[in-house]
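Take a look at the structure below.
The values are calculated or read from the model by the stated rules, or taken from the named source; none is laboratory data. Nothing here was measured: the structure is a model prediction, and the numbers come from that model. Cβ placement follows ideal geometry from the backbone for every residue including glycine, while neighbour counts extend to all protein chains displayed.
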There are 2 protein chains.
Amino acid sequence: MSGVPKADWVVGVDIGGTNLNVGVVPLAGGLPITFRTEPTEPQRGAKFVVDRVVKLIKDAISDVMEEKGCGLEDFAGVGIGAPGPLDRKTGTVISTPNLGWRNFPLRDLIQNAVNLPATLDNDANAATYGEWWMGAGRDTRTLVGVTLGTGIGGGIVFNGELYHGTSDAAAEIGHMTIDSTGRKCNCGNYGCLEAYASGPAIAARAIEGLESGADSILLELAGDLQDITAEMVSEAVVRGDSYATEVINDTAKFLGVGLANLINILNPEVLVIFGGVARAGDHLFVPLRAEIRRRAFRVAEEACRIVPSELGGKAGVIGAVACFKSEVYGAL
Amino acid sequence: MSGVPKADWVVGVDIGGTNLNVGVVPLAGGLPITFRTEPTEPQRGAKFVVDRVVKLIKDAISDVMEEKGCGLEDFAGVGIGAPGPLDRKTGTVISTPNLGWRNFPLRDLIQNAVNLPATLDNDANAATYGEWWMGAGRDTRTLVGVTLGTGIGGGIVFNGELYHGTSDAAAEIGHMTIDSTGRKCNCGNYGCLEAYASGPAIAARAIEGLESGADSILLELAGDLQDITAEMVSEAVVRGDSYATEVINDTAKFLGVGLANLINILNPEVLVIFGGVARAGDHLFVPLRAEIRRRAFRVAEEACRIVPSELGGKAGVIGAVACFKSEVYGAL
């Protein structure tokens, strides 16, 4: 730990396909004391997104300086979570289908703009590590996280350490094939979990059924058929809409196949589900657990708690700080 | 290591659905100096199988005593690999569809019969660990093994340690779903990798096509349609049979889906393939690697060597010794 700055705060950055979240978290652990969010709008280009992130970081730092009466020297640095695959050593995002970046030196762009050391890790890794540090995975050894959003990602914690794999590409759970001749995925392949259970995939499946004449309050909620989102499907389910319930039951089946695979392979103690679709609560979790029970080995299924994220939208920010701390200080 | 017997030799036992292999391996590492094998014949009952294993162990120990002029005190114990799921702590096999055992106290039965301490681990875990210790995985950090036999199993080595999961059920790769509405598996589910790429599944797919009128030397090799085995399919491929080549190409596709999933999830440095079907050599590995390249993230695929086992039929025995040594002495 020699040469490591003594400081009280770390900025956490969570770059998603839909939203940018930035918060300031105590180095010792805890919830963000300030939290800012803006839409990502990736179609406006990489420079636009980076500028927006940098502004959010500077604003968040100002918030804390004002509130705590402290200076920049009280900030250890910035932990960044971004969609992968990426190279942690060079701080480069190698490719992100959902943001359109290729070999993009994200870490250094941010580091130079805010004049603080920064680390880069996969966003789903970060959320998972955050949940292990401060959320549903506290005091566990082996935890798997699955992020259901614009894409589907994942993270794996073994014995309290985030597992990155041989080339920082571990836990790319969204592109696990669950139906080798199934739906086409954004990645070009067929039958990836993401092609069934990501937010856009859930919405697409809902729209397909409505186009075939299904009756539902979804149209009313969305106004226009093409504006239907996965969140609206969850909302319609909670309001008792039977068609939306069918869509969520199918989602639970597809997701159950993917999670049963993870349980059969990794035999984790906890499996944490992130993302808006978890808001459907028991409407999702009851059929999900049933499908997993049907497909996973019993000893593995019985050993595993399957729970929604405790930290919700803040997991990515808290986790990006956990990744920064683990990388710079060697441990949490 | 206090209280641990000083000894030169360990007996390794590999209990498969088809064959029982027993060998004696130097505690310091190396190949078996004696090796005995007999058919399992599980249909003759658990007692028959255990008696046969015990006789093989005693005969193997006698071989070594005679050759080396040593006594029982020069044997540290017996490492056993058996199909799982199992409980390492109690030494019990919880259930094995392919052998028909349930809550079976295998370790203690063998331990008491041969009067040496014994350990029990999953057979595929053992083969994988053996390959890491003395085979294709030497000097690597993260290795995944896939055993293609009567069933399909797997093993995971992280940083030189065998990964067992929360309840000793990790790496049950054969029951990964690759087609959620696909072929029925012995386990009762649909679309498991094992239902496509295990030995009996390869044979079943070959027979289905022949029943529909395909032309092949397979019938000649087998004599009777129902006697066709996966090994015969590999042999027919090597002899240039075009129908058998089609069967192996399909096998490569199914297997490629499963292995791409493992690479996307675990991002290993090496993936080792065990089993007779690997004898098809490039006829299997060329289309297999192509399917993996199509489905896995490029950075993960490029980081991973996909190779046949170096230790072949001896991996299970050497690995059972590795498991014994790691459990009793704390490290390899």
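Annotations
- Top-ranked residue of segment B:78-95 - restricted to ones that are over 17 Å from B:V13 (Cα atoms) and of a type in the set (V, I, T), ranked as surrounded by the most Cβ atoms within 10 Å (Cβ to Cβ): B:I94
- Residue check for A:A201: touching a helix residue (DSSP H, G or I) at 6+ places or on another chain (Cβ under 6 Å) and modelled with pLDDT of 95 or more: yes
- Annotation for segment B:50-72: at least one member residue is among the basic types (K, R), under 17 Å from B:W9 (Cβ atoms) and in a helix (DSSP H, G or I).
- Filter result for the condition that a residue is assigned by TED's automatic domain parsing to the domain that holds A:T147, in contact with a strand residue (DSSP E or B) (Cβ under 6 Å, 6 or more places away or on another chain) and under 30 Å from A:V93 (Cα atoms), over A:G258, A:G160, A:G174: A:G174
- Hey, B:A195 buried (at least 24 other Cβ atoms within 10 Å of the Cβ), within 17 Å of the chain's Cα centre (by Cα) and either within 8 Å of another protein chain (Cβ to nearest Cβ) or assigned to a loop (DSSP other than H, G, I, E, B) (or both) or not: no
- For segment B:275-296, filtered to residues that are in contact with a strand residue (DSSP E or B) (Cβ under 9 Å, 6 or more places away or on another chain) and not in a helix (DSSP H, G or I), the residue that is farthest from the other protein chains (Cβ to nearest Cβ) is B:G281.
- Within segment A:172-187, tally of residues that are free of Cβ contacts under 8 Å to residues at least 60 places away in the same chain and in a loop (DSSP other than H, G, I, E, B): 5
- Listed by first and then second residue, the pairs with beta-carbon distance under 7 Å, at least 6 apart or on different chains, first residue in segment A:58-73 and farther than 16 Å from A:T37 by Cβ and in the same structural domain as A:P117 (by TED's automatic domain parsing), second surrounded by fewer than 11 Cβ atoms within 10 Å (Cβ to Cβ) and not aromatic (F, W, Y), are A:M65/A:G71.
- 1 or more residues without any contact (Cβ under 8 Å) to a residue 24 or more places away in the chain: qualifying strands (runs of 3 or more DSSP E) within segment A:100-168: A:101-104, A:152-158
- Number of residues in segment B:15-40 that are closer than 17 Å to B:G100 by Cα and either surrounded by 17 or more Cβ atoms within 10 Å (Cβ to Cβ) or modelled with pLDDT of 95 or more (or both) equals 6.
- Residue within segment A:131-152 that is within 13 Å of chain B (Cβ to nearest Cβ), surrounded by fewer than 21 Cβ atoms within 10 Å (Cβ to Cβ) and more than 28 Å from B:Y196 (Cβ to Cβ) present: yes
- Whichever residue in segment A:74-99 is farther than 24 Å from A:K58 by Cα and part of a strand (DSSP E or B) and, among such residues, is farthest from the other protein chains (Cβ to nearest Cβ): A:T96
- Screening segment A:299-332 for residues that are in a helix (DSSP H, G or I), of a type in the set (D, E, K, R) and within 14 Å of chain B (Cβ to nearest Cβ) and picking the one that is nearest to the chain's Cα centre (by Cα) gives A:E301.
- Enumeration of residues in segment A:170-192 that are within 17 Å of the chain's Cα centre (by Cα), at the interface with chain B (Cβ under 7 Å from one of its Cβ atoms) and more than 14 Å from B:G256 (Cβ to Cβ): A:A170, A:A171, A:E172, A:I173
Residues are listed down the side, and each one gets a yes or a no for (1) assigned by TED's automatic domain parsing to the domain that holds A:G199; (2) free of Cβ contacts under 8 Å to residues at least 24 places away in the same chain; (3) more than 18 Å from A:A278 (Cβ to Cβ):
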residue: A:S212; (1), (2), (3): yes, yes, yes
residue: A:D215; (1), (2), (3): yes, no, yes
residue: A:L221; (1), (2), (3): yes, yes, yes
residue: A:Q226; (1), (2), (3): yes, yes, yes
residue: A:E231; (1), (2), (3): yes, no, no
residue: A:S234; (1), (2), (3): yes, no, no
residue: A:Y243; (1), (2), (3): yes, no, yes
residue: A:N249; (1), (2), (3): yes, no, no
residue: A:A252; (1), (2), (3): yes, no, no
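- Counting the residues of segment A:211-248 that are more than 26 Å from the chain's Cα centre (by Cα) and either within 14 Å of chain B (Cβ to nearest Cβ) or among the β-branched types (V, I, T) (or both) gives 1.
- Restricted to segment B:249-274, and to residues there that are over 30 Å from A:G84 (Cα atoms) and crowded, with 24+ Cβ neighbours inside 10 Å, the residue that is farthest from the other protein chains (Cβ to nearest Cβ) is B:F274.
Yes/no matrix, rows are residues, columns are (1) outside the structural domain of A:V54 (by TED's automatic domain parsing); (2) at pLDDT 95 or above; (3) over 15 Å from A:G154 (Cα atoms); (4) among the small types (G, A, S):
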site	(1), (2), (3), (4)
A:P85	no, no, no, no
A:T92	no, yes, yes, no
A:P97	no, no, yes, no
A:L109	no, yes, yes, no
A:N112	no, yes, yes, no
A:N115	no, yes, yes, no
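- Pairs with Cβ under 6 Å, 6+ apart, first in segment A:36-52 and in contact (Cβ under 8 Å) with a residue 24 or more places away in the chain, second among the small types (G, A, S): A:R36/A:A60
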